[in-house]
Amino acid sequence: MRATAVRRTALAACAASLTLLATACGGSSDADAGDGKNDKGGAANGSSSAPEAPAPAKALTAAELEKATLAQGDVEGHKVAKAGPDDEVPADAVKVDKEACLPVAHAMYGVAQEGSVATTKRKVVSEPKTDGEKPLEELTDGGVEDALKAAFDLTSTFVALTSYDKTAGPDAFAALKKAAVDCAGGFTVTIAGVPTKVASIAEEKVSGGDESAAWTVTAEDDGDTVPFKLVALRKEGTVATFYAFNLAAGGGGSKFEVPTEVVAAQDKKLA
């Protein structure tokens, strides 16, 4: 990949993944600290579970939302940590060339939508699979290559959990689904002056919550592509978005699936 917007996005996810794993192995992950409120944003459509008719819901308070947020130990085989200041993207910093695509861009960067009451954000990274691993000196050339691929087969998922008042949660979810359909052919999103081209948005399968939807979001630069997984899950007036990147898939070496373990764990905490 060239050192452009797509590569910067992938490298940022890579750095975040490796940093989180190192921190988690050396000490505690700050998974139980609270986050502040968010402002407005947008929302979007993909493969989804059948929705129930939305009804006005009382928003979870910041304290209630914190209890429902993923913490270390909630997702087997993953490290969970609180997102930091560098992970925060204000709504006014997100620009798109097609206004209809703004809800998708907001979901990609964990930006809360209009009517939000409180938001928490977490970074969840899968741990390397080491079962039955031999020392490198005992491996063949092919074995070494496979071991290196396995070492980078890590999925980093950015999870934003937002509580909304009344019908704002269902409205945000519906807007995101619509935007994903309207922008399936792609758009360009610019963050702090750095553009990233989204080449396509393709429907995926997922289940959970009162309704849920998922997509593969493919970023592109000069013919090079990087796949991301975007998931949205709504439970009453609370909406969770998941934006995932796999290090091995980012280099074009393999495909990766929707982070169902992370989605299921968050769904369980919202039940």
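Number of residues in segment 108-117 that are within 17 Å of Phe158 (Cα to Cα) and open to solvent by less than 40 Å² (accessible area, probe 1.4 Å) equals 5. Please determine, by comparing only the residues of segment 68-107 that are charged (D, E, K, R) and loosely packed, with under 14 Cβ neighbours inside 10 Å, which one is modelled with the lowest pLDDT. Filtering first and then ranking leaves Asp86.
When the residues of segment 157-182 are filtered to those that are among the aliphatic types (A, V, I, L, M) and in a strand (DSSP E or B), the one that is farthest from Thr119 (Cα to Cα) is Val159. Within segment 179-197, residues that are within 18 Å of Leu230 (Cα to Cα) and open to solvent by less than 30 Å² (accessible area, probe 1.4 Å) sit with their Cβ atoms under 8 Å from residues that are among the hydroxyl-bearing types (Ser, Thr, Tyr) and not in a loop (DSSP other than H, G, I, E, B), at 6+ positions apart or across chains, in these pairs: Gly186/Ser200; Val189/Thr196; Thr196/Thr9; Thr196/Thr188; Thr196/Thr190.
Answer with yes or no whether Thr260 is open to solvent by 20 Å² or more (accessible area, probe 1.4 Å) and closer than 23 Å to Asp87 by Cα. Judged against the criteria, Thr260 is a match.
Checked against (1) in contact (Cβ under 8 Å) with a residue 40 or more places away in the chain; (2) open to solvent by 10 Å² or more (accessible area, probe 1.4 Å), Lys235 passes all but a single condition, namely (1). Tell me whether segment 212-230 contains one or more residues that are at pLDDT below 95, at positive phi and open to solvent by 20 Å² or more (accessible area, probe 1.4 Å). Looking for residues that are at pLDDT below 95, at positive phi and open to solvent by 20 Å² or more (accessible area, probe 1.4 Å), one finds at least one in segment 212-230, hence yes. Of all residues in segment 78-107, those being of a type in the set (A, V, I, L, M), more than 24 Å from Lys166 (Cα to Cα) and outside any strand (DSSP E or B) number 3.
The values are calculated or read from the model by the stated rules, or taken from the named source; none is laboratory data. This is a predicted model, so every value here is computed, not measured. Cβ atoms come from the backbone with ideal geometry, glycine included; neighbour counts cover every protein chain shown. Calculation scope for accessible area: heavy atoms of the full protein, side chains included, ligands and nucleic acids excluded. Shrake-Rupley method; radii C 1.70, N 1.55, O 1.52, S 1.80 Å.
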